[in-house]
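The values are calculated or read from the model by the stated rules, or taken from the named source; none is laboratory data. Predicted model only: the values in this text are computed from it and were never measured. Note: ideal-geometry Cβ built from the backbone for every residue, glycine included; neighbour counts use all protein chains shown. Just so you know, the surface numbers come from the protein's heavy atoms only, side chains and all, with ligands and any DNA or RNA stripped out. Shrake-Rupley method; radii C 1.70, N 1.55, O 1.52, S 1.80 Å.
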Amino acid sequence: MTTTRDTMERMRGFSSLFLRLALGLSFLSALADRFGWWGAFGRPNVSWGSFARFVAYTGKLNWFLPEALMPALAIMATCVEALFGLCLVIGWHTRTAALLSGILLILFGVTMTVALGVKAPLNFSVFSAAAGACLLATCTEFPVSVDQLRRSR
């Protein structure tokens with residue numbers, strides 16, 4: 001019985017770490033794409049390749065808002081994703097970062113659905129990522145994290 005319990009605890013720790021890194025690195029990868037760090041638009045696996053293209057995409061998703069707001073909205077989304085990505089990767093205030101990431105991803109998924117149809121957020125696993133973020137927010141232990149270091153003091 002103890003080995004089963006120990007195995008489950010190790011699996012919980014691994015799952016928490018894996019989910020934290022997957023979500024955080026995904027946010028940071030999107031930022032890299034927006035600044036052209038993955039290459040120019042048109043290269044394999046590059047969605048935007050420049051911040052200007054990201055601003056245009058922001059306008060496409062948020063068609064219901066005034067066009068003049070798009071640069072500010074794109075900057076705000078970029079800053080929030082950078083903050084959440086970094087917090088998740090280093091494991092700092094992980095539960096809060098995970099919960100807010102889940103909310104952000106749900107909003108993104110709904111906006112994508114309205115603007116592009118339901119297939120778009122499903123193809124990009126937006127709702128899966130949102131569910132993972134919400135699940136991560138329910139975890140109590142975060143191995144290999146700043147939160148763990150702060151707790152052990």
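Scanning region 1-15 for residues being surrounded by 13 or more Cβ atoms within 10 Å (Cβ to Cβ) and not charged (D, E, K, R) gives a total of 2. Leu105 satisfies every condition listed in (1) among the hydrophobic types (A, V, I, L, M, F, W, C); (2) closer than 20 Å to Phe54 by Cβ; (3) more than 17 Å from the chain's Cα centre (by Cα) except (3).
Specify which of the listed residues (Gly109, Gly117) is under 18 Å from Trp63 (Cα atoms), modelled with pLDDT of 95 or more and loosely packed, with under 14 Cβ neighbours inside 10 Å. Show your work before the answer.
Working: Gly109 fails: loosely packed, with under 14 Cβ neighbours inside 10 Å.
On inspection, the qualifying residue turns out to be Gly117.
Does Cys79 satisfy the condition of being within 22 Å of Ala32 (Cβ to Cβ), among the hydrophobic types (A, V, I, L, M, F, W, C) and open to solvent by 30 Å² or more (accessible area, probe 1.4 Å)? Against the criterion (within 22 Å of Ala32 (Cβ to Cβ), among the hydrophobic types (A, V, I, L, M, F, W, C) and open to solvent by 30 Å² or more (accessible area, probe 1.4 Å)), Cys79 qualifies. Of all the criteria given as (1) without any contact (Cβ under 8 Å) to a residue 24 or more places away in the chain; (2) touching a helix residue (DSSP H, G or I) at 6+ places or on another chain (Cβ under 7 Å); (3) farther than 19 Å from Ser29 by Cβ; (4) open to solvent by 40 Å² or more (accessible area, probe 1.4 Å), the one not satisfied by Met70 is (4).
Within region 34-57, the residues that satisfy the criterion of being under 23 Å from Ala68 (Cα atoms) and of a type in the set (D, E, K, R) are Arg34, Arg53. For region 132-149, the set of residues classified as of a type outside the set (Asp, Glu), in a loop (DSSP other than H, G, I, E, B) and open to solvent by 30 Å² or more (accessible area, probe 1.4 Å) consists of Thr138, Cys139, Thr140, Pro143, Val144, listed by residue number.
Can we say Gly85 is in contact (Cβ under 8 Å) with a residue 60 or more places away in the chain, within 14 Å of Leu31 (Cα to Cα) and either open to solvent by 20 Å² or more (accessible area, probe 1.4 Å) or assigned to a helix (DSSP H, G or I) (or both)? Answer is yes for this residue. Looking only at residues in region 22-67 that are out of contact with any Gly (no Cβ under 9 Å at 6 or more places or on another chain) and among the polar types (S, T, N, Q), the one that is surrounded by the most Cβ atoms within 10 Å (Cβ to Cβ) is Thr58. Checked against (1) open to solvent by 80 Å² or more (accessible area, probe 1.4 Å); (2) assigned to a helix (DSSP H, G or I); (3) under 21 Å from Thr111 (Cα atoms), Phe18 passes all but condition (3).
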